[in-house]
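Heads up, the thing below is written out as structure tokens.
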Amino acid sequence: ARLGSIHRNTFIHSPGLLEKKGRYNPNTEFIPNGVDYKAYSNPLPVPPDLAGIPKPWIGYTGFIKKQLDWDVLSDLTLRHPEWSFVFVGAHHPHKEVLDAFRRFQGRENIRFLGEKTVRELEAYPQHFDVCIMPYKNTAYTNYIYPMKLHEYLAGGRPVVASRIRSLEKFNDIVKLAETAEEWSLALEDAMKAVESSEDRVRARRHVASQYDWDRLTGRIAEIFCRRLGDQ
């Protein structure tokens with residue numbers, strides 16, 4: 001009977017999904033995506049394929065997919081030829097992604113560095129001048145909790161992101177933007193010296209450390225123990 005009760009526990013990783021699905025099971029808990037904090041905060045050398053690109057580096061790591069706001073990104077790369085937009089990760093063969101690749105042909109300030117191993121990815125966010133999460137605001141992104149959020153914060157670098165639901169909670173540590181104009185201003189602001197101060201770096205890393213996978217799995221274990229005690 002006790003094992004049966006444990007199996008009925010459900011863990012949901014985003015506030016939007018909790019609101020939509022949580023009512024179907026009273027034993028539903030919100031556990032967000034986390035980070036291997038030690039791996040992403042540990043200083044690593046600049047990756048060779050990044051080192052040769054002109055700075056500043058506006059960087060994204062993760063799957064390159066149709067849910068990214070390609071219209072805003074296209075506008076930004078035209079507005080700011082002096083910035084390098086760097087995308088690190090495998091791409092999905094979605095029409096929207098392939099169309100974006102064709103649209104960006106010939107723009108020297110946008111680079112796609114391709115798929116990396118999990119370990120290789122750890123080095124990039126800590127060297128970007130600004131880390132970005134440029135999602136479209138859709139039904140899909142209403143239900144996500146980007147794993148890269150705490151990976152970026154663990155590296156200590158400034159972060160600019162789309163104004164999606166799961167990121168609203170972090171608007172004191174992550175700059176949120178919607179339109180291309182807002183993105184442009186937010187990126188300019190993120191690159192100011194104050195955003196790279198030791199105080200700001202420590203603040204970002206402190207937030208990330210609270211979402212280390214060891215902490216999150218500990219919370220799951222506590223929930224199991226509490227539910228067993230209720231039997």
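Laid out as a table, the results:
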read-out: So Leu73, is it open to solvent by less than 40 Å² (accessible area, probe 1.4 Å), among the aliphatic types (A, V, I, L, M), farther than 23 Å from Val35 by Cβ and part of a helix (DSSP H, G or I); value: yes
read-out: Selection count, segment 191-205, where residues are over 16 Å from the mean Cα position of the chain (by Cα), under 24 Å from Ser162 (Cβ atoms) and either of a type outside the set (Asp, Glu) or open to solvent by 60 Å² or more (accessible area, probe 1.4 Å) (or both); value: 7
read-out: Filtered residues of segment 13-55 (kept if at pLDDT 70 or above, among the aliphatic types (A, V, I, L, M) and outside any loop (DSSP other than H, G, I, E, B)); value: Val35, Ala39, Leu50, Ala51
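The values are calculated or read from the model by the stated rules, or taken from the named source; none is laboratory data. Note that the coordinates shown come from a computational prediction; the quantities given were computed from them, not determined experimentally. Please note: Cβ atoms are built from the backbone with ideal geometry, for glycine as well, and neighbour counts cover all protein chains shown. The area values use the complete protein model at the heavy-atom level, side chains included, leaving out ligands, DNA and RNA. Shrake-Rupley method; radii C 1.70, N 1.55, O 1.52, S 1.80 Å.
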